[in-house]
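Q: What follows is a structure written as structure tokens; I'll ask about it next.
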Ligand SMILES: NC(=O)c1ccc[n+]([C@@H]2O[C@H](COP(=O)([O-])OP(=O)(O)OC[C@H]3O[C@@H](n4cnc5c(N)ncnc54)[C@H](OP(=O)(O)O)[C@@H]3O)[C@@H](O)[C@H]2O)c1
């Protein structure tokens, strides 16, 4: 039995992780969880499933929940997330938090010698070097949940790293893939939140529409698989059937296919390298797929993808600035304070206006995260 801690259980990935674990209840058990502010949903989970420790955001929620569920230990806030991430009985931590808040719990879990199944790509974007060093020092596994990176991990099984020619990450193109830049000027939040293939949390759905998500994934892939940015290619594939591919030096390409169902990569990360039978994961009927389409990505149409490559190559404080600016700009857009194309403008401004620093440690990362957020809030009209 593998004991699992799930950070962000009330989110899109968190709930699907819950489904996978309940389906595979002979081998997987949830021992500790965190939620944010969605206390009604958390209560539904606690009425259905016993866990030993729960973290919520506010102390008052923790206090009130303790009156209802006296057998559970409640913790709260950022320190509470660390307690869940390092819970002594957990063997593996699923990080399904959204945003920069995921960095510290990831590092804490690794230092507590837990394997980590990572959905929270922002962790690797801002702290890739720190996470890699910690993984090497504490000798734990870091398993991707993102479908593209899971596909790459699956394609790499049985192959030597030195035989990789390039990684090919597929991109659906998000809600506005068929619109020109001119048409993007007046798009609404409601339109942006309608992803053609995937049902996901709000932030990643907007990131998909701007293609910032694909840029974050390129940086994530660089750190996960130790491949140069020159050897990571993004191609457009509107059907989201091929989740990504690896081209090897002999010319062979290995791809992983499936329906757009995140439970499959979640299960792969939780059970790696095993593949137990699951009746809930959807099956792809290859005879009904029809044609699959591919084309090169256009860095002029999607400037945030171009920016992510530049930022990834330069490193220093830039990934932190880009990530923080994106998180703030997306929040402003979701709060109807800015227009869609202003997301790009604000991120570009933050990256060009905040002075570049080549060497950063964890304190610097927190410092530049704050500075970039302040800049975006000022420019975004707060
Ligand atoms: N959704 C997908 O299909 C998908 C696919 C690939 C990768 N990812 C990545 O997976 C991560 C999670 O995405 P998601 O779509 O599942 O996000 P989501 O639906 O917005 O869920 C985020 C979770 O994090 C919690 N949370 C947010 N801010 C928090 C804070 N400051 N402190 C504590 N908890 C906090 C939320 O709690 P409350 O809701 O209770 O407030 C919720 O449980 C992201 O990094 C995303 O890029 C997602």
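Q: What helices (runs of 4 or more DSSP H), lying completely within the stretch 20-138, carry at least 1 residues that are within 13 Å of the ligand (Cβ to nearest atom) and out of contact with any helix residue (DSSP H, G or I) (no Cβ under 7 Å at 6 or more places or on another chain)?
A: 39-48, 59-68, 77-85
Q: Being within 13 Å of the ligand (Cβ to nearest atom), within 22 Å of residue 118 (Cα to Cα) and modelled with pLDDT under 95 narrows it down to one residue among 213, 197; which is it?
A: Answer to the selection: 197.
Q: Let me ask you something else. Taking the stretch 213-248 on its own, how many of its residues are buried (at least 20 other Cβ atoms within 10 Å of the Cβ), under 12 Å from residue 309 (Cβ atoms) and out of contact with any strand residue (DSSP E or B) (no Cβ under 7 Å at 6 or more places or on another chain)?
A: So the count comes out to 3.
Q: With respect to residue 115, is the statement that it is loosely packed, with under 15 Cβ neighbours inside 10 Å and either within 22 Å of residue 262 (Cβ to Cβ) or modelled with pLDDT under 95 (or both) true? Walk me through how you get there before you give the answer.
A: Details: loosely packed, with under 15 Cβ neighbours inside 10 Å: no; either within 22 Å of residue 262 (Cβ to Cβ) or modelled with pLDDT under 95 (or both): yes.
Against the criterion (loosely packed, with under 15 Cβ neighbours inside 10 Å and either within 22 Å of residue 262 (Cβ to Cβ) or modelled with pLDDT under 95 (or both)), residue 115 does not qualify.
The values are calculated or read from the model by the stated rules, or taken from the named source; none is laboratory data. This one's a predicted model, so the numbers in the text were calculated from it and none came from an experiment. All Cβ positions, glycine included, derive from the backbone under ideal geometry; neighbour counts span all protein chains shown.
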